[in-house]
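Below you'll find the structure, written out as structure tokens, and then a few comments.
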Amino acid sequence: MSQKLTAVKGMNDLLPPESHSWVWLEGVVRGIMNRYAYSNIRTPIVEPTALFIRGLGEVTDIVEKEMYSFEDRLNHEQLTLRPEATAGVVRAAIEHNLLYDGGKRLYYMGPMFRHERPQRGRYRQFHQIGAEALGFSLPEVDAELILMAHSLWNELGLKNIKLELNSLGEPAERSLHREALIKYFESNIEVLDEDAKRRLHSNPLRILDTKNPAMQGLVEKAPKLMDFLGETSSAHLTQVCKILDLNGVTYSINPRLVRGMDYYNLTVFEFVTDQLGSQGTICGGGRYDYLISQMGGKPAPAVGWAIGVERVLELLKDASLLPPIEGPDVFAVVPSSRDIEKVMQVIQKLRVKGVSVQMHSPSASGNPGSAKPLDADADSRGSMKSQFKRADASGAKFALIFGEDELSNGLVTIKTLRDGVGLQRVEKLSNVEDWASSLKSGH
């Protein structure tokens with residue numbers, strides 16, 4: 001007997017009925033993206049490794065520790081399963097000259113991959129929904145993206161989600177802050193852990209994001225980038241805040257908020273919750289005005305965010321906000337296989353008219369090739385009683401009963417299974433199109 005194969009650790013199958021929640025959430029997101037006039041973009045799961053090294057920064061946790069990278073055996077190219085989508089979206093925009101006629105508002109959905117310790121709301125294959133506004137420099141677009149995410153929480157009914165804002169300023173301002181940080185941390189070198197010491201001169205800003213409890217006091221007293229911002233950078237953040245204020249969005253300024261990628265400047269933000277343990281960020285993003293030119297494109301500003309789908313679904317589940325799973329419109333009860341061809345013809349006409357139909361069909365078990373052919377009698381398809389149990393369990397609104405007497409007279413019996421349960425009517429098979437809509441609407 002062959003050894004049983006299982007999924008890779010941290011890369012999970014999504015099965016019904018859980019997958020229904022994913023489809024529903026994606027539908028809600030598509031509706032909001034449409035209202036904000038964002039268009040869908042789909043980029044490859046596999047990208048050149050150099051894309052992420054250049055885009056995310058060599059001294060980020062993602063590039064140093066978490067990427068799934070490998071060599072293509074055919075052409076010896078270094079490839080990586082995408083750990084995030086922004087770099088790929090920017091690469092696509094450059095490659096296809098998307099900004100030739102002006103800015104673009106784009107969104108994506110899909111799996112990402114990072115070699116982390118699997119935990120609640122974070123897996124090695126995880127999923128993100130993201131929005132990217134390429135080619136727009138004004139703070140109103142930063143605010144627009146934040147308002148979009150805020151609208152999503154409202155539409156989903158999620159509460160107790162806090163918005164944190166910060167500004168990373170511009171490169172010259174960060175350079176002055178960087179010098180002050182290095183000087184400050186060097187004077188407290190004995191408190192730094194090994195990770196902080198390693199980053200002290202390569203990326204000291206990331207030390208501010210440490211989760212080490214022993215360093216929290218030191219980090220709290222570190223020089224704040226906000227104190228190094230010039231007039232233009234400060235005005236940018238001020239206008240973002242004014243727009244949020246006018247729209248009733250509550251937020252707090254968090255001077256330690258730096259995000260995990262090197263490409264950010266000016267506005268950065270996170271939507272956080274205390275209901276998911278250590279995985280508290282459910283949406284994060286900010287402005288990255290230099291990434292497009294850094295990756296070889298014509299200089300253009302940009303801003304965006306990404307949502308962790310698993311984390312949002314965990315919150316919805318905990319708050320009992322996931323919608324009930326809807327069954328099909330109709331369950332077809334077929335007592336006999338004798339007239340199955342005629343039954344299938346009727347069912348197909350209903351489906352063409354937009355009616356969802358589940359047909360009872362006997363299940364086969366055992367080794368392939370061992371199943372016996374079905375006899376054209378009632379027992380081969382199961383009793384009427386057992387079929388009605390299946391119809392009720394399916395969640396269908398109606399049962400269509402294709403009995404021998406009905407079929408011989410060109411008729412079908414329609415029985416109501418939900419509202420008005422037990423009510424029955426008879427319809428002609430010759431004019432399926434006339435009564436199909438009544439099954440879809442539930443009347």
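The values are calculated or read from the model by the stated rules, or taken from the named source; none is laboratory data. Keep in mind the model is a prediction, meaning the values are calculated, not measured. Note that we place each Cβ from the backbone using ideal geometry, even for glycine, and neighbour counts take in every protein chain shown.
Any residue at all in the stretch 338-360 that is touching a Lys or Arg at 6+ places or on another chain (Cβ under 9 Å) and loosely packed, with under 13 Cβ neighbours inside 10 Å? Yes, some residue in the stretch 338-360 is touching a Lys or Arg at 6+ places or on another chain (Cβ under 9 Å) and loosely packed, with under 13 Cβ neighbours inside 10 Å. Checking each residue in the stretch 22-44 for being among the polar types (S, T, N, Q), closer than 20 Å to H150 by Cα and surrounded by 12 or more Cβ atoms within 10 Å (Cβ to Cβ) picks out only N34.
Here T250 qualifies as part of a loop (DSSP other than H, G, I, E, B), out of contact with any Phe, Trp or Tyr (no Cβ under 6 Å at 6 or more places or on another chain) and either surrounded by fewer than 16 Cβ atoms within 10 Å (Cβ to Cβ) or β-branched (V, I, T) (or both). Check the stretch 204-214 and report whether any residue there is charged (D, E, K, R), under 35 Å from the mean Cα position of the chain (by Cα) and surrounded by fewer than 19 Cβ atoms within 10 Å (Cβ to Cβ). Checked the stretch 204-214: at least one residue is charged (D, E, K, R), under 35 Å from the mean Cα position of the chain (by Cα) and surrounded by fewer than 19 Cβ atoms within 10 Å (Cβ to Cβ). Scan the stretch 121-129 and give yes if some residue there is in contact (Cβ under 8 Å) with a residue 12 or more places away in the chain, under 23 Å from L316 (Cα atoms) and exposed (fewer than 15 other Cβ atoms within 10 Å of the Cβ), otherwise no. Scanning the stretch 121-129, I find no residue that is in contact (Cβ under 8 Å) with a residue 12 or more places away in the chain, under 23 Å from L316 (Cα atoms) and exposed (fewer than 15 other Cβ atoms within 10 Å of the Cβ), so the answer is no. Taken together, P17, P44 contain a single residue that is under 22 Å from the mean Cα position of the chain (by Cα) and modelled with pLDDT under 90, which is P17.
In the stretch 263-274, is there at least one residue being closer than 22 Å to R91 by Cα, at pLDDT below 95 and assigned to a loop (DSSP other than H, G, I, E, B)? Looking for residues that are closer than 22 Å to R91 by Cα, at pLDDT below 95 and assigned to a loop (DSSP other than H, G, I, E, B), one finds at least one in the stretch 263-274, hence yes. Of all residues in the stretch 84-99, exactly one satisfies the criterion of being buried (at least 23 other Cβ atoms within 10 Å of the Cβ) and part of a loop (DSSP other than H, G, I, E, B), namely A85.
Would you say S167 is crowded, with 19+ Cβ neighbours inside 10 Å and not hydrophobic (A, V, I, L, M, F, W, C)? Yes.
The set of residues in the stretch 381-403 being out of contact with any Ser or Thr (no Cβ under 8 Å at 6 or more places or on another chain), of a type in the set (K, R) and surrounded by 14 or more Cβ atoms within 10 Å (Cβ to Cβ) consists of R390 alone.
Select from the stretch 391-437 the residues that are of a type in the set (G, A, S), farther than 18 Å from V352 by Cβ and in contact with a Gly (Cβ under 9 Å, 6 or more places away or on another chain) and list them in ascending order.
Initially, the stretch 391-437 is screened for residues of a type in the set (G, A, S), giving 391, 393-396, 399, 403, 408, 410, 420, 422, 430, 436-437.
Add one more test, that the residue is farther than 18 Å from V352 by Cβ, and what stays is 391, 393-396, 399, 403, 408, 410, 420, 422.
Passing the criteria: A393, S394, G395, A396.
Checking L276, L244, L313 one by one, the residue that is in contact with a Lys or Arg (Cβ under 7 Å, 6 or more places away or on another chain) and either buried (at least 21 other Cβ atoms within 10 Å of the Cβ) or under 19 Å from N154 (Cβ atoms) (or both) is L276 and no other.
Of everything listed in (1) at pLDDT below 90; (2) surrounded by 20 or more Cβ atoms within 10 Å (Cβ to Cβ), the single unmet condition for E64 is (2).
Taking first residues from the stretch 397-419 that are closer than 9 Å to V330 by Cα and partners that are in a loop (DSSP other than H, G, I, E, B), the Cβ contacts under 7 Å between residues at least 6 apart in sequence or on separate chains come to K397/D329; K397/L417; K397/R418; K397/G442; F398/D329; F398/L417; A399/L417.
Only one of the listed residues (L205, L176) is within 21 Å of R259 (Cβ to Cβ), modelled with pLDDT under 90 and assigned to a helix (DSSP H, G or I). That residue is L205.
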